[in-house]
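Values in this text are rule-based calculations from the coordinates and carry no lab data. Computed from a prediction, not measured in an experiment: that's the story for all the values here. Note that we place each Cβ from the backbone using ideal geometry, even for glycine, and neighbour counts take in every protein chain shown.
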Amino acid sequence: MTTKAADEALGYEQARDELIDVVRRLEAGGTSLEESLALWERGEELAKVCRRWLDGARARLDAALAEESAGDGEAGDPEED
């Protein structure tokens, strides 16, 4: 399998595509118990990579929305005057 550093360098799409492949291989069956466990462990690592990317994207969106909201409030509401 790959190292943790290599997993960190994976982009979201790469990790997702490899995860899809792992799931397909597990669902197809025909692998030994040892191979199935290795695939499952790899799938867990890939899922973590995907989760980190998605969490990061969510944080960026939340920050952008908060910044936009704060920017709207700074100008003042002309109807309040």
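Table: residues versus (1) touching a Cys at 6+ places or on another chain (Cβ under 7 Å); (2) in a helix (DSSP H, G or I); (3) of a type in the set (Ser, Thr, Tyr); (4) surrounded by 12 or more Cβ atoms within 10 Å (Cβ to Cβ).
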site: ALA5; (1), (2), (3), (4): no, yes, no, no
site: ALA15; (1), (2), (3), (4): yes, yes, no, yes
site: TRP40; (1), (2), (3), (4): no, yes, no, yes
site: TRP53; (1), (2), (3), (4): no, yes, no, yes
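Checking the structure you have, find out if any residue of region 20-27 is touching a Ser or Thr at 6+ places or on another chain (Cβ under 8 Å), aliphatic (A, V, I, L, M) and surrounded by 14 or more Cβ atoms within 10 Å (Cβ to Cβ). Yes, region 20-27 contains at least one residue that is touching a Ser or Thr at 6+ places or on another chain (Cβ under 8 Å), aliphatic (A, V, I, L, M) and surrounded by 14 or more Cβ atoms within 10 Å (Cβ to Cβ).
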